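Q: The following block contains the structure, expressed as structure tokens.
The values are calculated or read from the model by the stated rules, or taken from the named source; none is laboratory data. Values in this document were obtained by computation on a predicted structure and should not be read as measured data. Counting neighbours? That spans all protein chains shown, and the Cβs are built from the backbone with ideal geometry, glycine included. Only protein heavy atoms, including side chains, enter the accessible area calculation; ligands, DNA and RNA are left aside. Shrake-Rupley method; radii C 1.70, N 1.55, O 1.52, S 1.80 Å.
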Amino acid sequence: MREGGHRIIKTARSGRKATERTARHTIKTAERSSRKAIKTTQRTAKTAQQTVKTAQRSAQATVKATQRAVQTARATAKAAAATAKATAKATVAAIKAAIAAMQELIAAIAAGGWVVLVVVLVICMIGLLIASPFGIFFSDGGGSPDAASPTAVIAQINSEYADRLSALQTGGTYDRVEIQGGPPSWPDVFAVFAAKTAGGADGAQVSVLDTDTVEKLRAVFWDMTKITTAESEVEHPAEGDTAAWTEKVLTITVTPRTPDDMRVFYAFTDRQNAALDELLTAASQEMWNTLLYGSSGEIVAVALSQVGNVGGQPYWSWYGFNSRVEWCACFVSWCANECGYIDAGVIPKFAGCTGGSNWFKDRGQWQDGSYEPRPGDLIFFDWDNKGSSGPQDDVPDHVGIVERVENGVVYTVEGNSGDSCRQNAYIVGHYEIWGYGCPVYN
């Protein structure tokens with residue numbers, strides 16, 4: 001029994017200890033699980049905090065990126081606006097620079113400055129200028145097989161103008177013909193033509209004067225030239241042995257329309273008006289003279305504007321004569337006076353060819369008849385025809401103004417050529433050309 005009881009007691013004690021160990025183990029496990037759970041929760045909380053911080057940083061980065069994008073867009077917009085303005089200014093500056101370069105070209109070529117010529121030729125390649133109304137300043141006759149130079153076009157249309165005046169005079173029998181007024185100046189015609197043609201909606205080029213372009217120029221010339229006629233009879237009373245008589249007079253009035261007239265006539269746009277204003281500035285005048293007539297173009301321009309005059313009354317009366325005289329020298333002097341060349345001492349005032357030629361000889365400004373002249377030189381003739389002006393006697397009979405020289409031909413504008421102001425042409429070195437007075441133009 002003792003042994004049995006002892007064993008019973010021992011078993012009870014063992015059970016109690018096992019229970020205690022199990023309880024302690026459970027507590028420790030629970031404690032470890034709790035600590036792990038707490039740590040896991042803490043880690044989860046930290047992770048959540050990091051996620052929140054990351055989200056905040058991401059949101060902040062997104063906001064900053066958006067702000068930067070907005071700033072970039074604003075900067076881009078400003079840059080685009082600035083670029084647009086700069087482009088517009090550059091376009092205007094390019095045109096003005098080309099005009100200035102053309103003005104400098106006149107003096108540069110005369111001084112041998114061919115480097116400047118190369119620069120201008122480069123500028124000519126700029127499509128903007130060539131396609132604009134300012135392309136007219138580059139219409140030198142090249143660029144097309146059927147292209148003509150401005151001087152050749154002027155000569156052609158002036159000849160048509162003279163033919164029209166002659167046709168009006170031969171339409172009846174008149175004792176006297178008076179021509180009043182004159183056509184518009186060629187710079188005005190070319191300026192209106194360039195603004196109308198290149199500045200219009202179709203933007204046709206004017207840098208090459210081909211057949212179609214010349215036809216447009218011709219149309220502008222005749223739109224700007226109004227010609228009217230009037231017939232009248234003047235009763236002359238008897239005087240001495242002369243019986244009373246009736247004089248039949250034809251008056252031809254040529255009225256030039258101004259560029260301002262043509263703005264209205266053609267309904268110019270703002271763009272065309274702006275181009276026309278620039279083309280007509282005083283700064284452009286020298287370029288027009290060089291383009292249309294050569295370096296001494298002013299006197300040539302004046303002479304050409306008088307083509308078609310009959311009788312020479314404006315010239316010999318200006319000189320001081322009360323009635324008609326042989327007026328070729330009066331015409332040359334009148335043209336020189338219009339340019340201010342008489343007051344400047346560039347050309348003398350002379351009514352006789354001998355006096356005029358001697359003036360140039362005395363100053364070493366004389367060339368013989370074999371010389372190839374320049375535009376603006378004065379050409380003197382010694383005619384070979386029978387009568388008061390011939391045969392040739394080494395004394396000048398007639399004088400005119402050299403318009404241009406092309407392909408060995410001297411083209412002239414002469415007063416009192418058949419009692420009218422006409423354009424004529426002679427082979428260089430023609431035997432009736434006595435010599436040339438060569439004014440020193442500035």
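Q: Could you please state how large a percent of the accessible area of region 265-358 is carbon and sulfur, counting protein chains only and using a 1.4 Å probe? Provide the component values of the computation, followed by the final result.
A: Numbers: 1870 of 3830 Å².
Percent of accessible area from carbon and sulfur atoms in region 265-358: 49.
Q: Per-residue counts of other Cβ atoms within 10 Å, averaged by peptide: what ranking do you get for 190-198, 339-347, highest first? Mind showing how you got there, number by number?
A: On the way: 190-198: 25.6, 339-347: 16.7.
Top to bottom by mean Cβ count within 10 Å: 190-198, 339-347.
Q: Further, regarding this structure: Straight distance only, please: which aspartates and glutamates reach the Cα of Lys216 with their own Cα at less than 16 Å, same-chain residues fewer than 8 apart left out?
A: Candidates past the 8-residue exclusion: Asp146, Glu160, Asp188, Asp202.
Q: Quick check: at a probe of 1.4 Å, how many percent of the accessible area of region 193-244 sits on carbon and sulfur atoms?
A: Details: 1320 of 2790 Å².
Carbon and sulfur: 47 percent of the exposed surface of region 193-244.
Q: Ordering Trp334, Trp318 from largest to smallest accessible area (1.4 angstrom probe), what's the sequence? Intermediate values should be presented prior to the final figure.
A: Values: Trp334 35, Trp318 75 Å².
Correct descending sequence by accessible area is Trp318, Trp334.
Q: Follow-up. Identify all aspartates and glutamates with a Cα-Cα distance to Lys361 below 14 Å; exclude those on the same chain that are fewer than 8 residues away in sequence.
A: Once the sequence-local aspartates and glutamates are set aside, what remains near Lys361 is Asp377.
Q: Let me ask another. Order of 297-309, 146-158 by packing, highest average Cβ count within 10 Å first?
A: Values: 297-309: 24.2, 146-158: 19.1.
My ranking of the peptides, most packed first, is 297-309, 146-158.
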